[in-house]
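The values are calculated or read from the model by the stated rules, or taken from the named source; none is laboratory data. Just so you know, these numbers come straight off a predicted model, no measurement behind them. We place every Cβ from the backbone using ideal geometry, glycine too, and count neighbours over all the protein chains shown.
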Amino acid sequence: MDFLPMTAEEMRQRGWRQLDVLLITGDAYVDHPSFGVPLLGRVLEHEGFRVGILAQPDWRDPESFRGMGRPRLMVGVASGAMDSMVNHYTAAKKLRHNDAYTPGGRIGARPNRAVIAYTAAVKAAFPGIFVVIGGLEASLRRLAHYDYWDDKVRRSVLVDSKADLLIYGMGEKPLVEIARRLAKGEAPKSLTDVRNTAIMAGSVPANALVLPSFEEVSSDTAAYNLAFRLSVQASGEQVLAQAHGGRWVLINPPAAPLTTSELDAVYALPFQRRPHPSYREPIPACTQIQFSITSHRGCGGGCAFCAIVYHQGRSIQSRSPESILREAAELVKHSDFRGTITDIGGPTANMYGCRCQPPSTDCHRMSCLWPTLCPHFQISEAGANLLARARKLSGVRHLFVSSGVRCDLLFQQPRYLQELLTHHVGGLLKVAPETLSTPVATVMHKPPPELFERFLCTFRDTNKRLGLKRGIVPYLIAGHPGSTLNDMVETALFLKRHHLKVEQVQEFTPTPGTLATCLYYTGRDPFTGKAIHIPRSPRERRLQKALLLWHLPEQRAAIREALRLCHRETAGAQLLH
């Protein structure tokens, strides 16, 4: 079998009688490096472990977890590529109508709070089994956190799930270490010192940084802000400790990021780049990313609403050009490939090759770029050469960059900017300034709107020079902390002045672990104590969204209402004409 086994029959085809590790995921099994659980499965397989994947099991039936038998070492549990609550519900807390990670896009194939539900089910199926939780949902909920859907502070997911250990961040190093130590006969209870993990303990180590307890942060917003500030500014070698009742959640220090050679080795594993053959319907997420290439991990941007820095880290980990070009050459040979590589990028495409020089493990900045460029952040143009070489590969007709780009970096990367705009944009370029209001950009830790305006002029000048008719579609967020109706009026006027029409507006959703969620819950900046306007009411959020959709006739009544509320009838009248 080319895929990791999903059934007992597929185990038998490999000659296996028992798995070493069973991995459970809320996504369908797509053997692609963009899907975290299959990637970790391939890493463990490469280390010599017998790994099976149980994709979207019925959490209401313990029997559905027993199909491949009890694994020898452990079970790993993840909700999938997304937090299950974000996957299920809109910002208005309405049930979504589709799930891109499920065959046919159907909703309901995974439970709410999937990490908790799957852990309970697998412990019922295999009493006493060692369970490790991880992935985005577990990673960002590792401490007490505000939960938007419950509208309250919840305990660490390690406490609520009753799992034995939690892996936060990118899981290759800790998962392999755990599997190796268990295979050597170590008792699970001895795995207290693995980096990138969280454990439950009865006492606090001497070197730990003690955060306000769950009981404190759930009843006092000032304590919540203090816990957030301490956790993000902690030394890279400190254990974080947070009391939950009579026990402690201990967060071990992070592991060193993967080196270039280690990252190259991960992406050289034998991924099939397609869904498991048992599926009879397409999986939308696979269609979107099947022929994309990850060039790097991590992001130094530090945007307030973004969870990447808390999961992948702020350190940029770049693959070698040779590794990426080998992967591109392999894509060309794939039987489904039709000539188009849909992306070469990462969390921020033009951060490829950038790094902190010299690296500092004790840096307390949340962003390498905001409010000013850090003097230690070394900007690279390596992405320009990489794109130029990749687009010239035999069999590659089109190569696009679909990942986000940072305008504040682009103008310091003139070769990358020229390569991007000349060769790697289709009919529409999608960019994400997120806001076009200077005050909101400050809260978001995003560059000012003048930079986006400059980029827009550069893009249009390039189109004119090349004789191309290409459009630009900005992605914007409504309802972000700090955003007022006045800010949205200014944004709408900017859009109309520059003849821009947005395709969709993202309503801010407070997701666990981010600075913006801390702002939303407490109403104050955790670093300055300054009060921040929070658009909480459905009415204000609806009106903010309407202003960004200024070009739609059906939004005119809402726009009039918004203009009246902020006394901008005269200045904003041009939006209606």
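Kindly list the number of the only condition in (1) of a type in the set (A, V, I, L, M, F, W, C); (2) over 22 Å from the mean Cα position of the chain (by Cα); (3) at pLDDT 95 or above that fails for residue 444.
(2)
Could you list, in sequence order, all residues of segment 407-428 that are surrounded by fewer than 21 Cβ atoms within 10 Å (Cβ to Cβ) and at pLDDT below 90?
Matches in segment 407-428: 408, 426, 427, 428.
Can you name the number of the only condition in (1) assigned to a loop (DSSP other than H, G, I, E, B); (2) touching a residue at least 24 places away in the same chain (Cβ under 8 Å); (3) over 28 Å from residue 537 (Cβ atoms) that residue 483 fails?
Condition not satisfied by residue 483: (3).
Residue 103: in contact (Cβ under 8 Å) with a residue 12 or more places away in the chain and closer than 19 Å to residue 274 by Cβ, yes or no?
Spelling it out, residue 103 is indeed in contact (Cβ under 8 Å) with a residue 12 or more places away in the chain and closer than 19 Å to residue 274 by Cβ.
Can you tell me which of (1) surrounded by fewer than 18 Cβ atoms within 10 Å (Cβ to Cβ); (2) out of contact with any Pro (no Cβ under 9 Å at 6 or more places or on another chain) is the one residue 387 doesn't meet?
The one condition residue 387 does not meet is (1).
Could you list, in sequence order, all residues of segment 561-577 that are crowded, with 17+ Cβ neighbours inside 10 Å, part of a helix (DSSP H, G or I) and more than 36 Å from the chain's Cα centre (by Cα)?
Scanning segment 561-577 gives no hits.
If I ask for residues that are surrounded by fewer than 17 Cβ atoms within 10 Å (Cβ to Cβ) and farther than 26 Å from residue 39 by Cα, which ones from segment 188-208 would you list?
Within segment 188-208, 189, 190, 201, 202, 203, 204, 205, 206, 207 qualify.
Step by step: first the residues of segment 65-110, then only those that are surrounded by fewer than 18 Cβ atoms within 10 Å (Cβ to Cβ) and polar (S, T, N, Q), then the one that is nearest to residue 150 (Cα to Cα). Which residue is that?
90
Filter segment 533-577 down to the residues that are aliphatic (A, V, I, L, M), over 14 Å from residue 483 (Cα atoms) and either touching a residue at least 60 places away in the same chain (Cβ under 8 Å) or in contact with a Ser or Thr (Cβ under 8 Å, 6 or more places away or on another chain) (or both) and list them by number.
Matches in segment 533-577: 559, 563, 565, 571, 575.
Scan segment 209-248 for residues that are free of Cβ contacts under 8 Å to residues at least 40 places away in the same chain, within 23 Å of the chain's Cα centre (by Cα) and outside any loop (DSSP other than H, G, I, E, B) and jot them down.
230
For segment 293-393, which fully contained helices (runs of 4 or more DSSP H) count at least 2 residues that are on the phi < 0 side of the Ramachandran plot, modelled with pLDDT of 90 or more and among the hydrophobic types (A, V, I, L, M, F, W, C)?
321-333, 382-391
Tell me, which residue of segment 472-524 that is more than 25 Å from residue 569 (Cβ to Cβ) and among the aliphatic types (A, V, I, L, M) is surrounded by the most Cβ atoms within 10 Å (Cβ to Cβ)?
Selected residue: 515.
Would you pick out the residues in segment 498-532 that are in contact with a strand residue (DSSP E or B) (Cβ under 7 Å, 6 or more places away or on another chain), of a type in the set (A, V, I, L, M) and not in a loop (DSSP other than H, G, I, E, B)?
If the condition is that a residue be in contact with a strand residue (DSSP E or B) (Cβ under 7 Å, 6 or more places away or on another chain), of a type in the set (A, V, I, L, M) and not in a loop (DSSP other than H, G, I, E, B), then 505, 531 are the ones that fit.
Give me a count of the residues in segment 173-203 that are under 31 Å from the mean Cα position of the chain (by Cα), among the hydrophobic types (A, V, I, L, M, F, W, C) and in a loop (DSSP other than H, G, I, E, B).
The total comes to 2.
How do the pairs read when you match residues in segment 444-457 that are touching a residue at least 24 places away in the same chain (Cβ under 8 Å) and farther than 22 Å from residue 499 by Cβ with residues anywhere that are buried (at least 21 other Cβ atoms within 10 Å of the Cβ) and aliphatic (A, V, I, L, M), using Cβ under 6 Å and keeping only pairs 6 or more apart or on different chains?
Note: pairs meeting the criteria are 444/304; 445/304.
Within segment 454-480, which residues are of a type outside the set (A, V, I, L, M, F, W, C), more than 30 Å from residue 147 (Cα to Cα) and outside any loop (DSSP other than H, G, I, E, B)?
454, 458, 460, 461, 462, 463, 464, 465, 471 - these are the residues of segment 454-480 that are of a type outside the set (A, V, I, L, M, F, W, C), more than 30 Å from residue 147 (Cα to Cα) and outside any loop (DSSP other than H, G, I, E, B).
Which residue, of 187, 183, is free of Cβ contacts under 8 Å to residues at least 40 places away in the same chain, assigned by TED's automatic domain parsing to the domain that holds residue 157 and small (Gly, Ala, Ser)?
On inspection, the qualifying residue turns out to be 187.
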